[in-house]
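The values are calculated or read from the model by the stated rules, or taken from the named source; none is laboratory data. None of these values were measured; they are calculated from a predicted model. In this analysis, Cβ positions are derived from the backbone assuming ideal geometry, glycine residues included, and neighbour counts consider all displayed protein chains. Protein only, heavy atoms only, side chains kept; ligands, DNA and RNA dropped before computing areas. Shrake-Rupley method; radii C 1.70, N 1.55, O 1.52, S 1.80 Å.
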Amino acid sequence: MPALPHSFPRVRLSPRDPDLVQDPYAFYARIHEQGSVFFWEDYGLVAFAGYEAVDALLRDRRFGRQILHVASRAELGWRERPAHLRDFDRVERYSLLELEPPAHTKLRRLITSAFVSRQVETLRGAIRQTCHAQIDRLEPLGRGDLLTSYAMQVPLITICNLLGVAITHGQKLLDWSHAIVRMYVLDPTHEEQIAANKAARDFAIFLEGEIARKRAPPGDDLLSALIEV
């Protein structure tokens, strides 16, 4: 990885700038002209550009999703997490996307034990049937929205079947998901944070109920398999 200079070129460009959204390549060109390391003022962070620098960072096991095992929030200059995100943080605490080994390795091993290839293969016929069913519903109408009526429904129904959750719960799962992922955009509003926290709480309550229901007797689905392992 290239040595870090004591001072970095400073760049100010809002990621919400319409020109950046419509043509990001002009911005990328400006960045590359200044080198592989720069301070992005809009984020308040040092950023890296260029294949070599980014590839080196991704391969360096000293870097990862977690840092609080190295330094406290106070030492990093971070504010404490707000109380209104307590339920969201509780759910995210065990997300595979947020964990590092050995906790990540342990959870991934459990999921791999349940989510085996032969189980996925059994879904092929059901997925094909779901695809045809969604298309058949559009045919008599003569028109339809491909995104909401097909592209969104097929994975939603498949996920419900995979988890062993009634398809009637699909819309709730989708609404919760939409609310939760708003936390991953730049600077979510207070209202979006409140909605994400409520969605995480409702989803956790729902999932705990489903897990309790599947303990006796278990079914032939991913949740039951995870309970077993």
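Structural remarks
- Degrees separating the helix 170-181 axis from the principal Cα axis of the chain, which is the longest one: 10
- Note on the chain: dipole from Cβ charges, positive end direction compared against Leu174, Phe115, Ser7; the farthest Cα belongs to Phe115.
- Read-out Kirkwood radius over Cα pairs in Å, derived from the coordinates shown; its label in (1) 21.8; (2) 18.9; (3) 17.7: (1)
- Structure-based [θ]222 nm, the chain - -39500 (n - 2.57) summed over DSSP H runs of at least 4, per residue, nearest 500: -15500 deg cm²/dmol
- Accessible surface of the chain [probe 1.4 Å, protein heavy atoms]: carbon and sulfur percent: 57
- Per residue value of the accessible surface for region 5-163 (all protein chains in place, 1.4 Å probe), Å²: 76
- One Cα centroid belongs to region 22-75, the other to region 104-149; the line between them spans 36 Å.
- Restriction of the trypsin sites (Lys or Arg not before Pro) in region 141-222 to DSSP coil positions whose beta-carbon has at most 16 other beta-carbons within 10 angstrom yields Arg143, Arg215.
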